[in-house]
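Data block below; observations after.
The values are calculated or read from the model by the stated rules, or taken from the named source; none is laboratory data. Please read these numbers as outputs of a predicted model, since none were measured by experiment. Reconstructed Cβ throughout: ideal geometry from the backbone, glycine too, with neighbour counts over all protein chains shown.
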Amino acid sequence: MTVGDEVIEYMKIKLGGGFLGAKVSGERRISIKINPSALRDAVKAMKEKYPELRFITISTVDHGLDFEFLHHFSIDGSVVTLRSLVPKEDGTLQSIVDIIPAASLIEREISDLFGVKVLNHPNMRNLILTEDWPDNKRPLKKPFETDLPKKIRPVAEALISKSCVASVSTFIQRRREDGGLTKTPPFAFADEEDLEEFHGIIKDTGLDRKVGFDWERKSLRYK
Amino acid sequence: MAVKYVSFLGCQIPMRLPCTEIASNRVFEKIGLEAVDLPGYSCCPEPVISRQLDKTTSLAISARNLALAEELGLNMMILCNGCYETLDEANEFLRHNPEEMRRVNDILKRYGKRYSGGVEVKHVVEVLYEDIGPDRIRLNVTKPLNIRVALHYGCHMYREKKGADIMRKPNMMKELTSLAGVEVVDYGLERLCCGYPTMLANEEFSLKNRLLLKLNRIKEAGADAIVVACPACNIQFEMGQIMLRRYGENYKIPCMNLMELLALSFGVPYKELHLELHKSPVLNLARRMEMT
């Protein structure tokens, strides 16, 4: 069994539902996708199992709507990366400094440059930026949006939520009835099962994730 | 033989211009065309934006609509140019790409649906011209309208299979319009887009460099009305004339759908068509025509 396969199998057992997937992309390159809430458990588990574990660094990618944190470690020459995706509405990162003290500086740097709130860090002062640096102006933080042009957003939102890009007003409904038509056209949104089926297709093809649709609020996560 | 189709209305006709739906129903009744509703249908999806967002989603939504028609064992008649292009192109694409058809059906089968490619997609002008025929339509014209109209065919109507004549459907629309007893005036910019699809990208450009150019020529040609076969173009001609006022351009040319023109020429009283839903003076024109 290779180091990669061994680490993956071990983490799968240790993390349970916190383990979201894994990929071996090279001879010594292992990437494990985890739930952000499982980050500390994952680091502890690796430290427990591999005494030779060496912390490399943490990379942060701003995807517009989410932060992706990549915690890189070395185990006997193989690089193991823990990848976790955190919605920007949350925007927090669990500190691992009490487990890996060497993570202190990079966690502070991430806080400075992206405005990420690092939880339970023992010494959370700015590292690069001055102490009076405004919270809302972080050098590497992108705007909270996708590249979907602003004017197109309401169309995408209406299509996903209602299966239709126009809405019917009560005025139009009255005119429809006066003209011998049904009050509401036989659209998918008029029937719960049909709408559920339509929404299923949107989820299956991943359009909701691509444009950042929030199913609870039935709107895009951004304006 | 009875002509029967599933009628695909899209979003704009039932939600914003039900007057077109009312008129279509009256015309279909008179010419013996059975137009069946498509329960549970969704946006085609919208042709300009959806395909840019995600091709697989767009194809899967189109395939679901086509599968609904296939379940009813009927071909599809479309009353909107945009929906026509989306569904016709999706249909052709899926029929000629078995791998994509399989991928889309893998999604649909989770919901107990399947599309086998058995539905023919037709624009309403094709159905009126080819399935019903000009002669049968002419027989129903009891009140020739005696006005001058400018035609805007709409960009998506020119869509044809590779190598076919792009004027095939526009020519059908022109002939069908003439049957209403109107004079079709040429204004030279029939092929120019009305500007609807670019409104989201650049409103001023769409209004001044597309719509206004057309309105100028249409007015010069002495048209009493503009006739379209697409609800999106209809909305652009109506809302656009209102929006152009802020640039000092004052146009009040009525713009109506071909189906409304035919309904009026068939003697359907204008009051029954709810033409007051138009944002251009279609109602006034219809009133004047009924009095003459």
Filtering region A:1-37 down to residues that are assigned to a loop (DSSP other than H, G, I, E, B) and of a type outside the set (Asp, Glu) yields A:Met1, A:Thr2, A:Arg28, A:Asn35
Item to complete: Could you tell me whether any residue of region A:38-45 is part of a loop (DSSP other than H, G, I, E, B), over 22 Å from the mean Cα position of the chain (by Cα) and farther than 30 Å from A:Arg221 by Cα?
Response: no
Here the residues within region A:46-71 that are at pLDDT 95 or above and either more than 18 Å from the chain's Cα centre (by Cα) or among the polar types (S, T, N, Q) (or both) are A:Met46, A:Lys47, A:Glu48, A:Lys49, A:Tyr50, A:Leu53, A:Arg54, A:Phe55, A:Ile56, A:Thr57, A:Ser59, A:Thr60
Over region B:243-275, the set of residues over 20 Å from B:Glu204 (Cα atoms) and surrounded by fewer than 14 Cβ atoms within 10 Å (Cβ to Cβ) is B:Gly267, B:Pro269, B:Lys271
Residue set A:Leu39, A:Leu53; condition touching a residue at least 40 places away in the same chain (Cβ under 8 Å) and not basic (Lys, Arg); output residue A:Leu39
Looking at the structure I just gave you, is B:Cys11 surrounded by 22 or more Cβ atoms within 10 Å (Cβ to Cβ) and touching a Leu at 6+ places or on another chain (Cβ under 6 Å)?
no
Output for Cβ contacts, cut-off 6 Å, separation at least six or different chains, first residue more than 7 Å from chain B (Cβ to nearest Cβ) in region A:186-208, second surrounded by fewer than 20 Cβ atoms within 10 Å (Cβ to Cβ) and hydroxyl-bearing (Ser, Thr, Tyr), reads A:Ala190/A:Thr184
When every residue in region A:161-179 that is more than 7 Å from chain B (Cβ to nearest Cβ) and without any contact (Cβ under 8 Å) to a residue 24 or more places away in the chain is compared, the one farthest from A:Ser219 (Cα to Cα) is A:Glu177
**Asked** Out of curiosity, is B:Tyr129 within 14 Å of chain A (Cβ to nearest Cβ) and out of contact with any strand residue (DSSP E or B) (no Cβ under 7 Å at 6 or more places or on another chain)?
**Response** no
From the option list B:Gly40, B:Gly73, B:Gly32, single residue qualifying as more than 13 Å from the chain's Cα centre (by Cα), within 24 Å of B:Met101 (Cα to Cα), away from chain A (no Cβ under 13 Å) and of a type outside the set (S, T, N, Q) is B:Gly73
Looking at this structure, is A:Val165 more than 14 Å from A:Leu65 (Cβ to Cβ), at pLDDT below 95, out of contact with any Phe, Trp or Tyr (no Cβ under 6 Å at 6 or more places or on another chain) and among the hydrophobic types (A, V, I, L, M, F, W, C)?
yes
Any chance region A:106-128 includes a residue that's within 14 Å of chain B (Cβ to nearest Cβ) and either small (Gly, Ala, Ser) or under 16 Å from A:Phe213 (Cα atoms) (or both)? no
The residue that is farthest from the other protein chains (Cβ to nearest Cβ), considering only those in region B:79-119 that are more than 26 Å from B:Val48 (Cβ to Cβ) and hydroxyl-bearing (Ser, Thr, Tyr), is B:Ser116
Of the candidates B:Val185, B:Val228, the one satisfying the condition of being at pLDDT 95 or above, buried (at least 22 other Cβ atoms within 10 Å of the Cβ), out of contact with any Pro (no Cβ under 6 Å at 6 or more places or on another chain) and under 29 Å from B:Arg287 (Cα atoms) is B:Val228
Quick check, is B:Lys208 more than 21 Å from B:Gly82 (Cβ to Cβ) and in a loop (DSSP other than H, G, I, E, B)? no
### Message
Could you go through region B:120-133 and let me know if any residue there is in a helix (DSSP H, G or I), surrounded by fewer than 13 Cβ atoms within 10 Å (Cβ to Cβ) and within 25 Å of the chain's Cα centre (by Cα).
### Response
yes
*Residue check, B:Phe266 touching a residue at least 40 places away in the same chain (Cβ under 8 Å) and over 19 Å from A:Ala166 (Cβ atoms)*: yes
Here, helices (runs of 4 or more DSSP H) confined to region A:102-178 with at least 3 residues that are closer than 20 Å to B:Ala232 by Cα are A:153-162, A:170-178
Here, helices (runs of 4 or more DSSP H) confined to region B:40-110 with at least 3 residues that are surrounded by fewer than 18 Cβ atoms within 10 Å (Cβ to Cβ) and at pLDDT 95 or above are B:81-96, B:98-108
